[in-house]
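For reference, the structure is listed below as structure tokens.
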Amino acid sequence: MKANIVIIGGGISGVAIAYNLAKKGMKDIVVFDDNYMSGGATGRCGAGVRQQWGTKGNCIMAKMSVDFFEKAQEELQYHRDIEFKQEGYLIVATNQEEDEKFTRNVELQNSVGIPAKKLSKEEALEIVPHLNKDVIVSATFCNTDGHLNPFLMTDAYFVAAKRLGVQFFCREKVNEIIVENHKITKVITDKREVITSKVVNAAGGYSYEVGQLAGVDIPVIVRTMKY
Ligand SMILES: Cc1cc2nc3c(=O)[nH]c(=O)nc-3n(C[C@H](O)[C@H](O)[C@H](O)COP(=O)(O)OP(=O)(O)OC[C@H]3O[C@@H](n4cnc5c(N)ncnc54)[C@H](O)[C@@H]3O)c2cc1C
């Protein structure tokens, strides 16, 4: 098998990259996931969508994402609602340091067009009356934030990318990336060999391991929690 590009990972990143490359006209795109599409972190996430960040880059990317999510069903011609609910996102400050940082963050967010607001403790309690009154100092709130169904969003990209000719293979692990003279020549999975010169590492928490297949050190560290 030959491919112009092999994408490793079928989470939201890999599937969205596949769609966007195909939309730009790239042909022969292949995506492998060792599990199923959205079987990694994407399918386990809290589904929260927020634009309330503390760096300009993150704020701009989050705003662009929200602008996209608002019209994603139409753009991707998806047959279902992706369940993007803009019901707002409240972030609580519990000490003076956070309160001051949140004031600066809201100024930054407003400067790039994100309609976040700084709220007093009383205003926060009006939105969520069950908050612990003894702990809150203040809060920030953005009414265009909310939540989105990660399975449907991934599926919407998946269906649109397939329509544009992308090939997806589930339950197929990439075991080797062959590099010759500093160039990728082949990807070997547990089922086939693919001749290619380009690989996208969209393996999320496994990016370090996938990078190692090509001799690249990627500083992604997986942390596990003990319950
Ligand atoms: C508990 C939790 C809560 C979260 N809550 C939120 C939230 O509320 N809002 C938010 O925006 N983000 C949240 N996140 C973060 C979000 O889930 C991730 O940022 C996002 O899903 C990453 O997507 P991804 O496509 O990069 O990775 P993944 O979804 O992990 O996809 C990577 C895929 O690569 C596959 N893979 C790995 N190695 C190989 C290989 N060798 N061959 C083939 N396939 C391979 C894996 O099986 C996996 O399916 C949360 C994450 C967790 C864990």
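So how do Ile127, Ile8 line up by other beta-carbon neighbours within 10 Å, fewest first?
Ile127, Ile8
All other residues with a Cβ under 14 Å from the Cβ of Ala156 taken together, and with Lys, Arg as +1 and Asp, Glu as -1, what is their net charge? Net charge in that neighbourhood comes out at -1.
The modelled label-to-label distance between Thr103 and Arg80, using points 7 Å beyond Cα along the C-beta direction, is 4.6 nm.
Modelled spin-label separation between Met64 and Lys173, with each label point placed 7 Å from Cα along the Cα-to-Cβ direction: 3.5 nm. When only the Cβ of Lys, Arg, Asp and Glu is charged (+1, +1, -1, -1), the dipole of the chain relative to its Cα centre reaches about 720 debye.
In terms of Cα atoms, the Rg and Dmax of segment 89-168 work out to 18.3, 56 Å.
Reducing segment 66-117 and segment 173-208 to their Cα centroids gives an inter-centroid distance of 36 Å. Every Cα-Cα pair in the chain was counted, and those over 24 Å apart are 55% of them. I need the shape label for segment 38-89. Rule: rounded when a/c is under 1.5, else prolate if a/b > b/c, else oblate, with a, b, c from the alpha carbon gyration tensor. The shape class here is oblate. Taking the fewest neighbouring Cβ atoms within 10 Å as the starting point, the ordered list for Asp28, Asp33 is Asp28, Asp33.
Only one residue of Ile12, Phe169, Tyr206 has its Cα farthest out toward the positive end of the dipole of the chain, where Lys and Arg carry +1 and Asp and Glu -1 on Cβ, and that residue is Phe169. Of the peptides 44-55, 109-120, 146-157, the ranking by mean beta-carbon count within 10 Å, highest at the top, reads 146-157, 109-120, 44-55. Note on the chain: dipole from Cβ charges, positive end direction compared against Ala93, Phe32, Tyr157; the farthest Cα belongs to Phe32.
Throughout, read-outs are computed from the coordinates displayed, never taken from laboratory work. Note that the structure is predicted; figures quoted are calculated from it, not measured. Note that each Cβ is placed from the backbone with ideal geometry, even for glycine, and that neighbours are counted across all protein chains shown.
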